[in-house]
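Data block below; observations after.
The values are calculated or read from the model by the stated rules, or taken from the named source; none is laboratory data. It should be emphasised that the depicted structure is a prediction, and the values quoted were computed from it without experimental measurement. Here Cβ is always computed from backbone atoms with ideal geometry, including for glycine, and neighbour counts include all displayed protein chains. Note: accessible area is taken over every heavy atom of the protein model, side chains too, but ligands, DNA and RNA are not part of it. Shrake-Rupley method; radii C 1.70, N 1.55, O 1.52, S 1.80 Å.
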Amino acid sequence: MTKREVLNSEITRSLLSGRTNNAIDDFLNYYKSSKRSQSSYRSGVNKLLLDDLAKEAHEITFADYMKVMPQNKNQRTPQDTYKEMFIKFLFVFDYLEDPRGFSSIWIKEDIIKGFTDRTELKKRNIVTKNVSDSLTVPELTAIQKVLDKDFTKLELQKMDFCWYMLFQEGCIVEELKEIKSENLVNGVIITNTGDEYIIPSRFYPMFEKLNERESGYTGFYTVNTLIAELGEMAKLERRLTPMIIKKTRNSSMVKCCNCGETYWNTINNWVAVNSRLVCVSCAEEIKKKLNFDHHIINIPNQEFTSISKEHEINLSSVLYSYNELKKRIKSKPIDYLKLHELQIAIGKLGEAFVYEKECEKLKGTKYEGKIDNKKAIDPKNGYDILSFDINGKPIYIEVKATAGIEDRFYLSNHEYQTAEKMKENNMNYAIYFVKEVMSDNPQLIKIHDIIDNEEYNFEEMNWKVTRI
């Protein structure tokens, strides 16, 4: 992103007349759909009126335009583009007191049509917003297969470039439409909004071909058509549009829970650390700080079974740390009509707490990376976490949690039977009871041999009731 001077709007407005401010407001109204574009155009207008000419908008003449505007288009900067568009606006909508001279270089009807087309485009975007979903993985794969080909035809190369700018770089359509072949200088393009893009060398031959054209258009104004043709080549069942690409780009970006930075959701950017996804950069830092070498796992390139939203609460202790999960629960107001759901969330909070305590206990041993907290996902297991003692003997942990201080928890019949069977087979089954789990200092009570433990009394409370 290039550095642009940002002037305080209240100060600049006070330096100009109401007549000029109204003209500026009307002009910027055409760019109100993009804050970035509007800011860039306002900066150009301010520089034109306050620095270059020191005039009111209606006082600009053709001589002023010739004075401030480089006649060699290759020498023009993005700021020059903003200034010219403003003067064009003043000319075609009769804001100028002396419009003589401009008719020799511009045709009013053509320029008016350009501004009208922009307005109509905004209306269409408002109507069609949220209509098209982002691309699915099979659709993305089909498009990538097309783009992986070595294009020799110029139009196909332009198609590839448009996809790259929209999907990889996040360039907006209006920016892309204004790019010309001469804008590529030393491998860099600066768009009409002032944004700077480093262009991969594979596109250089395409720009050279465009520059060699003696006549004809050398830009990418037909981006919508090029993108639609790409969708047809990929045999998509719907028309491919820049809006769909934008939505796909947004949905394909993932924020790292450790550093907060956003990266593509491709496997080369992510690593599993302690059963949680972090970006590659953070994984290296964690590896150095915590000696987690044995607990950092590269993600294999394979198909994953999608998880429905209904199972999110069951996965909470796997996906989130104890502190993260506690914040999520505390941030939500308690709806007592959903008390059962809250109780389940507290149970998952207890599982996250116990899992982290077991990791601390076994830190630095070869057993740390073997702790498995995914057992809780399947209630058929009869326990929540598979851990180990310092000698490597398995501990089958059933986690119970409460937000209060009472010494009471509930054990299902299946959990009781699991405890019995494991005792008969000399397996270490334990209850880890977490009290005050929502506090800053939860209490963890480890109960071994719950079947014959005299400190606890069993009271049968579950009954199956059926109307006859």
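Numbers for the structure displayed
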read-out: When residues of region 20-31 are limited to those that are touching a helix residue (DSSP H, G or I) at 6+ places or on another chain (Cβ under 6 Å) and either basic (Lys, Arg) or open to solvent by 10 Å² or more (accessible area, probe 1.4 Å) (or both), the one modelled with the lowest pLDDT; value: Tyr30
read-out: Residues of region 96-114 that turn out to be closer than 20 Å to Arg42 by Cα and at pLDDT 85 or above, as a count; value: 1
read-out: Candidates Glu208, Glu174, filtered to the one that is open to solvent by less than 60 Å² (accessible area, probe 1.4 Å) and not in a loop (DSSP other than H, G, I, E, B); value: Glu174
read-out: So Thr193, is it modelled with pLDDT under 85, within 28 Å of Lys145 (Cα to Cα) and not aliphatic (A, V, I, L, M); value: no
read-out: Filter result (among the acidic types (Asp, Glu) and more than 25 Å from the chain's Cα centre (by Cα)) within region 149-173; value: Asp150, Glu155
read-out: Residue ID - modelled with the lowest pLDDT, chosen from residues in region 247-274 that are over 11 Å from the mean Cα position of the chain (by Cα) and not in a loop (DSSP other than H, G, I, E, B); value: Val273
read-out: Scan of region 364-403 for residues that are at pLDDT 90 or above and β-branched (Val, Ile, Thr), ordered by number; value: Ile385, Ile395, Ile397, Val399
read-out: Test: residue in region 244-256 that is buried (at least 17 other Cβ atoms within 10 Å of the Cβ) and over 29 Å from Thr141 (Cβ atoms); value: no
read-out: Criterion violated by Gln75 - all others in (1) open to solvent by less than 70 Å² (accessible area, probe 1.4 Å); (2) modelled with pLDDT of 80 or more; (3) within 20 Å of Ile190 (Cβ to Cβ) satisfied; value: (1)
read-out: Residue that is open to solvent by less than 20 Å² (accessible area, probe 1.4 Å) and aliphatic (A, V, I, L, M), where the choices are Ile405, Ile447; value: Ile447
